[in-house]
Amino acid sequence: MLPAAASYDLVIVGASFAGLVAARTAAMRGLKVAVLDAKHGAGHRVATTGILVKEAVEEIDIPHALTRRVYGVRLYAPNLKHVDLFAPGYFFLTTDTANLLRWLADEAQRAGAHLLWKTRFEGAAREGDVFRLSNLNICARYILGADGSRSAVARHFGLGRNSRFLTGVEYEYEGLCDIDPRFLHCFLNSEIAPGYLAWVASAPTVVQAGLAVGPGRRPDVGKFLNYTDRIFQFGKARLVGRRAGRIPCGGLVRPWAGNGVMLVGDAAGMVSPATGGGIRLAFHFGRRAGQAIADHLLHMGPAPDVALAPELPGFLLKRAMRFGLDQQVPNALISAALGTSAMRTFAQQVFFHKRGAKGVTFSEFEERLVRLSTSIASGAEAAVSQGK
Ligand SMILES: Cc1cc2nc3c(=O)[nH]c(=O)nc-3n(C[C@H](O)[C@H](O)[C@H](O)COP(=O)(O)OP(=O)(O)OC[C@H]3O[C@@H](n4cnc5c(N)ncnc54)[C@H](O)[C@@H]3O)c2cc1C
């Protein structure tokens, strides 16, 4: 006789940004949740740069020690002239990405979810009201596919699949000193990073240097490192890691849900087709999926995909921007344009979402920040010395 299968309300495939946030939410709402991942453990073989936009940390509060706050973007033209962009009140967070994923896994586990590593989803068959997972002795009432851009859940259930991708590669360095850590350094160059851009970013423990290229192109990170070596002197630093992966850029897949199954995060194409940013959407829709599935299974709420459908992003503007990025604009034209105030305004809109610099320069903004933190620190010291 076969041993009884482990029964779960919800099986989530993929223990990354979307899956772990969904698991924590669903488990906190009372569902019995298992998360399967083919990887050896949380934070193993990180594929993403892991930069968070401000809106991502408005979705999920994450520990300060795992992040580095960066206020500005230094945008370089192909001739390596640059403009500095910033908007008071806005910021990016570079992350200790492996430890951020470990923390998200701990949070999901603390909420009660079972995390099953080295466990690959290979299919599932309907047996009445539940699914039995093919290679595993597990049953589930609902399956959430949070298994990334090449989703096996989408393939198995005949759901929509991503078909257009950016390809990204980056190196991690220790001991790289020649970088101004106040900025994300972003490079527009249609020969080196056609269809997207290249970047150098100072994270809490390493400096990350890489690029992504548009559909049908191959990234050459060596070419980018040579091109910017006189700014950053990569040769003096230690190469300690590599990250690489595919980023869906075709918008939402259709259909993204079926009877008892739904996709979320990269699996559903929830990534900005223009910027390639997907973590904020993975946080947002991971959490919303966890809520909607719990409502459905525990309280006769609507089907989760029906509940979420009105909230899905249409990406209309971002898709138009992707069309623009796919055109091979000559480098000379980009260099000429980046000096103009129209292009600067456009770049400000893209990076800072309509927020402006409010008439201050970056150094004035920085001085104000320093004054603010000094006055907070001296206020705290005064309070301590007065025994408050
Ligand atoms: C090079 C690169 C740089 C990027 N930089 C940024 C950035 O700076 N900021 C940003 O917001 N976004 C960035 N992105 C996009 C971002 O990484 C993704 O949008 C985000 O990781 C999506 O999270 P997810 O949880 O949906 O899927 P993923 O992070 O892709 O996780 C999917 C998980 O599913 C597991 N899995 C897959 N198949 C199976 C299976 N059959 N069985 C079990 N487990 C399976 C995988 O092991 C993995 O852990 C970048 C992407 C790349 C490739």
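Things to note:
- Against the numbered list (1) open to solvent by less than 40 Å² (accessible area, probe 1.4 Å); (2) within 15 Å of the ligand (Cβ to nearest atom); (3) over 16 Å from the mean Cα position of the chain (by Cα), Arg218 comes up short only at (1).
- On inspection, Leu166 qualifies as within 16 Å of the ligand (Cβ to nearest atom), over 22 Å from Ala22 (Cβ atoms), touching a Cys at 6+ places or on another chain (Cβ under 9 Å) and not in a loop (DSSP other than H, G, I, E, B).
- Segment 300-336, residues that are hydrophobic (A, V, I, L, M, F, W, C), over 25 Å from Gly216 (Cβ atoms) and not in a helix (DSSP H, G or I): Met300, Ala303, Leu312
- Considering segment 272-289, and only residues there that are open to solvent by less than 40 Å² (accessible area, probe 1.4 Å) and under 16 Å from Trp256 (Cβ atoms), the residue that is nearest to the ligand (Cβ to nearest atom) turns out to be Gly278.
- Failed condition for Trp117, given (1) of a type in the set (A, V, I, L, M, F, W, C); (2) closer than 30 Å to Phe183 by Cβ; (3) open to solvent by 30 Å² or more (accessible area, probe 1.4 Å); (4) within 14 Å of the ligand (Cβ to nearest atom): (2)
Residues checked against (1) surrounded by fewer than 21 Cβ atoms within 10 Å (Cβ to Cβ); (2) within 26 Å of Ala26 (Cα to Cα):
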residue	(1), (2)
Val57	yes, yes
Arg69	yes, no
Tyr76	no, no
Leu80	yes, no
Thr95	no, yes
Leu101	no, yes
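- Applying the condition of being crowded, with 24+ Cβ neighbours inside 10 Å and part of a strand (DSSP E or B) to segment 9-33 and asking which residue is nearest to the ligand (Cβ to nearest atom) yields Val13.
Residue-by-condition table, conditions (1) out of contact with any Pro (no Cβ under 6 Å at 6 or more places or on another chain); (2) at pLDDT 85 or above; (3) open to solvent by less than 30 Å² (accessible area, probe 1.4 Å); (4) among the polar types (S, T, N, Q):
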| residue | (1), (2), (3), (4) |
| --- | --- |
| Ile293 | no, yes, yes, no |
| Met321 | yes, yes, no, no |
| Thr340 | yes, yes, no, yes |
| Phe362 | yes, no, yes, no |
| Ser373 | yes, no, no, yes |
| Ser378 | yes, no, no, yes |
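- In a residue-by-residue description of segment 237-249, the property of being modelled with pLDDT of 95 or more, over 18 Å from the mean Cα position of the chain (by Cα) and either surrounded by 19 or more Cβ atoms within 10 Å (Cβ to Cβ) or assigned to a helix (DSSP H, G or I) (or both) applies to at least one position.
- Between Arg161, Arg182, the distinction of being open to solvent by 40 Å² or more (accessible area, probe 1.4 Å), more than 19 Å from Thr275 (Cα to Cα), basic (Lys, Arg) and within 14 Å of the ligand (Cβ to nearest atom) belongs to Arg161 only.
- Restricting attention to segment 121-133, the residues that are within 11 Å of the ligand (Cβ to nearest atom), farther than 18 Å from Ala257 by Cβ and either surrounded by 15 or more Cβ atoms within 10 Å (Cβ to Cβ) or under 22 Å from the mean Cα position of the chain (by Cα) (or both) add up to 1.
- Residue satisfying all of: in segment 134-158; near the ligand (Cβ under 8 Å from one of its atoms) and open to solvent by less than 70 Å² (accessible area, probe 1.4 Å); farthest from Leu31 (Cα to Cα) among these: Ser149
The values are calculated or read from the model by the stated rules, or taken from the named source; none is laboratory data. Every value quoted in this text rests on a predicted model; they were computed, and no experiment measured them. With ideal geometry, Cβ positions are generated from the backbone for all residues, glycine too; neighbour counts draw on all protein chains shown. For the accessible areas, the whole protein counts, side chains as well, though only heavy atoms, and no ligand, DNA or RNA atoms are used. Shrake-Rupley method; radii C 1.70, N 1.55, O 1.52, S 1.80 Å.
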